[in-house]
Amino acid sequence: MSVPFDATPFLRAAAAWRLRRLRRLDPAAAQAAVLRRLLARAAATRFGRAHGFARLTGHADFVRAVPLRRYEAMWEEFLKPAFPVLENISWPGRMPFFALSSGTSSGATKHIPVSAGMLRANRAAALETLAWHLANTPGARPLAGPGFMLGGSTALAELAPGVRAGDLSGIAAATIPAFLRPWSWPPTDLALEPDWSRKLARMVAEAPREARILGGTCSWLLLLLERLAQARGGLPFPDLGLLIHGGVAWAPYRARTLALLPPGCDRREVFAASEGFFAVADAGEEAGMRLILDGGVFFEFVPPGELDAPAPRRLTIAQVEPGVDYALVVSTCAGLFGHVVGDVVRFTSLAPPRVVVVGRTAWTLSAFGEHLSGEEIHAALAGIPWREFMVGAEMEGGLGRHRWIIEAEAEALADPAALAALLDARLMAGNDDYRAHREGGQLAPPVVERVPPGRFAAWMEAIGKGGGQHKVPRVVAEPARFAAFRDGLLG
């Protein structure tokens, strides 16, 4: 696939303008301005009237008027009664799109509102990603060839006149400005393909070797790159200059992915969710991701243990501290207010504000009172060459226990029993509650089962969640749900 011309000079001019603006940005002032705009825009909506937006003058008023809400509460009280036609419910006008998001913990499909303003904010964040690429990679020419965005199907379901729903990648593809289409791949017919196996096969056969940008979720990107390397007998994209990745932790995929990239290929991690595009790496891999503070998202940061407290501390960007874990809460230009995203972040710096994602608020395994966090679970796997994993709770002989299903090469996981003992020892050393339950006999020793490479991808496809938009549910606390997942994976 050839592009009409190298449009990098135009991109470079836009990027320079954005970077100059960022150098002058005051984080606290920018966020205060975002909150004022959101409250003013939504004041006349049903949600705005119910919470007295017209009378609110700042964050303190906002905290008193708007409680924290998880998606389910917002859905039941405000979105569901009018769905699918949300006309002036929590954002002015008719909500044109809903991003379908399957929670990795609950499994229930969510309909996340996506407004025209949010689409503009997401495109501005994409520009910021490219701006930092250009700033950190002298001589880069990202628009000298096509950009390949690996997502789910772009097919959108029409729920009502002027209202469509589908993967966020499909919404982005359907609304990409016409002038950018010649630099975008895959083509429409391939992007619309709903069958992940057929789509992957066609991408391997047709992907342009001259691609300059490749983006997607780490796990699916690695799968694609490995298939392409096998088919082409060498580097999949010799001219690739930028890999944009996000969605899941980069570390487990880093070494194998780097081996499939050309020398000097830049990597930019992004923190993008169905609710908004929150942050992008502006420096090296270890620096964290810089929050986008002047877009369509107002951020609050809550100590995770206070999410369900009667009066949780809701800190602004001016009040946070580095090295402390916070549950992320957002209010957006798509009509979500005081929305608990589900991610836990930690600030690596305050000037500029950068974060790393350290876990999920719902990624806790405590079916039996053991209170394991997602971070502790990932830490226990350190140094183990896994490709994917799932850990869940089950009952065995009247006792609870954890079963780990780990995808790895046979030689890398030759002794599952020894690995189970290692995981058990690491978790006992790092978590007092887990150790007390194990030593007290309330929790049986864990079990590890190995599955071959590709098994998780095949299972995700079989349950209708194949492709770049979906993540493996790694921590499953409900025994019945975990049993169903295990049967599907091992069956």
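Miscellaneous remarks
- The chain: antiparallel DSSP beta bridges as a percent of all, rounded to 5: 65 percent
- Put simply, the amide H of ILE317, placed in the peptide plane, has no neighbours under 5 Å, leaving out anything fewer than 5 places away on its chain.
- On the beta carbon distance between GLU206 and LEU307, with R0 = 51 Å, the FRET formula returns roughly 0.65.
- Pairwise label distance in nanometres, ALA13 with SER197, each label 7 Å out on the Cα-Cβ vector: 5.0 nm
- Net charge dipole size for the chain [Lys, Arg +1 and Asp, Glu -1 on Cβ; Debye, nearest 20]: 1700 debye
- Amide H contacts of ASP167 (H built 1.01 Å from N, in plane; Pro and chain starts excluded): LEU100 sit under 5 Å, all sequence-distant by 5 or more or on other chains.
- Gained length - GLU285 relative to GLU478, 0.36 nm times residue gap less alpha-carbon distance: 66.0 nm
- Sequence of ASP167, ASP189 when ordered by accessible area, the most exposed leading, probe 1.4 angstrom: ASP189, ASP167
- Inter-label distance for ALA44 and GLU77, nm, one decimal - labels placed 7 Å from Cα along Cα-to-Cβ: 2.4 nm
- Only helices enter this figure: runs of n ≥ 4 DSSP H residues, each worth -39500 (n - 2.57), summed and divided by the residues of the chain, yield -10000 deg cm²/dmol at 222 nm to the nearest 500.
- Summarised in one figure, the compactness ratio Rg/Rh of the range 173-254, Cα atoms and Kirkwood Rh, is 0.95.
- Taking a ≥ b ≥ c as the square roots of the eigenvalues of the Cα gyration tensor, an a/c ratio of 1.5 or more together with a/b no larger than b/c marks the range 354-414 as oblate.
- The chain: DSSP helices with Cα axial extent of at least 20 Å and average Kyte-Doolittle hydropathy no lower than 0.0: 27-42, 116-136, 218-232, 416-430
- Of GLY295, PRO322, ALA14, farthest towards positive along the dipole that unit charges on Lys, Arg, Asp, Glu beta carbons give the chain: ALA14
- Legend: calculated FRET efficiency, GLU461 to ALA351, from the Cβ-Cβ distance at R0 = 35 Å, rounded to 0.05, equals 0.20.
- Calculated over the range 79-205: convex hull of Cα atoms, volume per residue (Å³): 154 Å³
- Backbone amide hydrogens, once placed in the peptide plane, bring ARG70 within less than 5 Å of VAL340, excluding anything fewer than 5 places away on its chain.
- Taking other residues whose beta carbon is less than 15 angstrom from the beta carbon of PRO312, and scoring Lys, Arg as +1 and Asp, Glu as -1, yields +1.
- Most simply put, the range 236-297 has about 60% antiparallel DSSP beta bridges, counting only bridges with both residues inside it.
- Spin-label pair GLU439-VAL85: with each label point 7 Å from Cα along the Cα-Cβ axis, the two points sit 6.4 nm from one another.
- Pairwise FRET efficiency - ALA231 versus SER2, Cβ, R0 = 22 Å, nearest 0.05: 0.55
- Rolling a 1.4 angstrom probe over the protein heavy atoms with all chains in place gives the chain an accessible area of 41 Å² per residue.
- The Cα center of the range 295-352 and the Cα center of the range 1-38 differ in position by 23 Å.
- DSSP beta bridges confined to the range 68-201 are antiparallel in about 65 percent of cases.
- Cα-based Rg of the chain normalised by 2.2 N^0.38 Å, two decimals: 0.98
The values are calculated or read from the model by the stated rules, or taken from the named source; none is laboratory data. As the structure is a computational prediction, the values presented were derived from the model and not from experiment. Backbone-built Cβ (ideal geometry, glycine too); neighbour counts: all protein chains shown. Ligands, DNA and RNA are excluded from the accessible area calculation, which covers all protein heavy atoms including side chains. Shrake-Rupley method; radii C 1.70, N 1.55, O 1.52, S 1.80 Å.
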